[in-house]
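Working notes, beginning with the structure itself.
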Amino acid sequence: MFSHPDTTGIDWWLAIPALAITLAGVVTMMSFIGESGFAVRQLIFTLIGLLAAWAISFVDLRIIKESRWFVVLMYSIGALLLVGLFIFGQSFNGAMSWYSLGPISFQPVDIMKILLILILAKYFSRRHVEIARFKHVIITGVYFAIPFGLVVMQPDFGSAMILLAIWVGMLIASGLTRRHIMLFAALAAIGGGILWGFVFQDYQKARIISFIHPQADILGAGYNSYQSMITVGSGRVLGKGIGYGTQSRLQFLPEHETDFIFASFSEEWGFIGSLILLGLFMTLLIRILMRARYVSSNFSRFILIGGVMYLGSHIFLNIGMNLGLLPVTGVTLPFMSYGGSHLLVEWLFLGMVFAIERYDTRRSHPDDTRYEFEGFGSTS
């Protein structure tokens, strides 16, 4: 299905599916009654994202690895932006997670996800052979815990789970031992109890309870999830057709352009259209993983693995909550949900993948080199 990577810099197996997913979101937004402005603004965001991806594709990311302070400085700025939210941020849906500068709003946790990937990639690429030494796990845990704690305090439980997925995924890829994995599972269980008892707000607890008992409060905490399931189911096999999705058009489905864009799309395109959309997402993730086999440095490999965790966890959490299989966490669907900050960051990440293809792709077959650790790459 996939061809051998080349070094031209643009991987069309990534660019075309991402554009198709974006177009699917735009077409869905155009069908909303009186809300066509969403589609126009989304196209503008996409154009800006494409230009950013093209620009960053000419940057050799290995320079970041060699720079002593660049990643740490950017990570520190990202953390300060998260801290600043408690002073200058705007509250949305109960979470203090946005900066508003006139007509421009952005969510700093979006860029923090990429910065976490970069700083962990830099650390793991230099020390993954020694990862069995627990101090290295602790250090990376500090890098993760700072943004995680700040995001949980907003509170933004969905984004916190994305950060957790990035850290855990990159830890496992680095060669984490089974003993460490079991230890982290136990710590996660303890941490979950602490979050429930002392951190989660009442509305977050209500969302989780509504997930366990979805029919318990249909008009309250379970309303969004219930309406989403109705919307997805009403599309049946072939869908109602573009512009005929009544649940979103008539405002029965809340947040139909952001959190529940998948449900809006499924109502109009049906089961077949949803399968095609899922196929596009799988193409993205599989292609990035395949790209990880052909890179020359472990730094680039960890960026790609972290990116798969970043995009994959977004897709998993968003579609799961749209189908009523997971709690409603406010996580966007990559390249499809309405919004400028997350869309720009997603295209920035693809630009990084293009840059890795341009500057750090081996011309030989990956099996021609001896791996430093099983399942992943060669000596950096």
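Ordered by residue, what ³J(HN,Hα) values in Hz, to whole numbers, does the stretch 105-116 give under the Karplus form 6.51 cos²θ - 1.76 cosθ + 1.60, where θ = phi - 60° and Gly and Pro are x?
Result, ordered by residue: 10, 8, 10, x, 5, 4, 6, 5, 4, 6, 5, 5 Hz.
Using each residue's phi in the stretch 256-268, evaluate 6.51 cos²θ - 1.76 cosθ + 1.60 at θ = phi - 60° and report the 3J(HN,Hα) Karplus result to the nearest Hz, with x for Gly and Pro.
Result, ordered by residue: 6, 9, 10, 4, 10, 5, 5, 5, 4, 5, 5, 5, 8 Hz.
Which far-off residues, 5 or more places away or on another chain, put their amide H under 5 Å from the one on Ser97, with H placed in the peptide plane?
Sorted by chain and number, the residues that satisfy this are Gln90, Phe92.
In whole Å, what is the distance between the alpha-carbon centres of the stretch 167-194 and the stretch 249-291?
30
Mind checking the full-extension length gain between Val83 and Ala189? Use 0.36 nm per residue of separation minus the Cα-Cα distance, one decimal, nm.
Length difference between fully extended and current span is 35.5 nm.
Once you place label points 7 Å from the Cα toward the Cβ at Leu275 and Leu43, how far apart are they in nm?
Calculated label separation equals 3.2 nm.
HN-Hα J couplings of the stretch 45-51 from phi, Karplus 6.51/-1.76/1.60, θ = phi - 60°, integer Hz, Gly and Pro as x?
Couplings: 4, 5, 4, 4, x, 4, 5 Hz.
What FRET efficiency would be calculated for the residue pair Trp196, Ala145, taking the C-beta separation as r and a Förster radius of 25 Å, to the nearest 0.05?
Once the sixth-power term is evaluated, E becomes 0.85.
If amide hydrogens are placed 1.01 Å from N in the peptide plane, which non-local residues have theirs closer than 5 Å to the one on Val295?
Those qualifying (amide H under 5 Å, at least 5 residues apart or on another chain) are Arg362.
Take the eigenvalues of the Cα gyration tensor for the stretch 63-332, scale each by 5, and report the square roots as semi-axes in whole Å, largest first.
Listed largest to smallest, the semi-axes of the stretch 63-332 are 34, 22, 19 Å.
Quick note: the coordinates plus some simple rules give every number you see, no bench work behind them. Just so you know, these numbers come straight off a predicted model, no measurement behind them. A quick note on method: Cβ atoms are made from the backbone with ideal geometry, for glycine too, and the neighbour counts reach across all protein chains shown.
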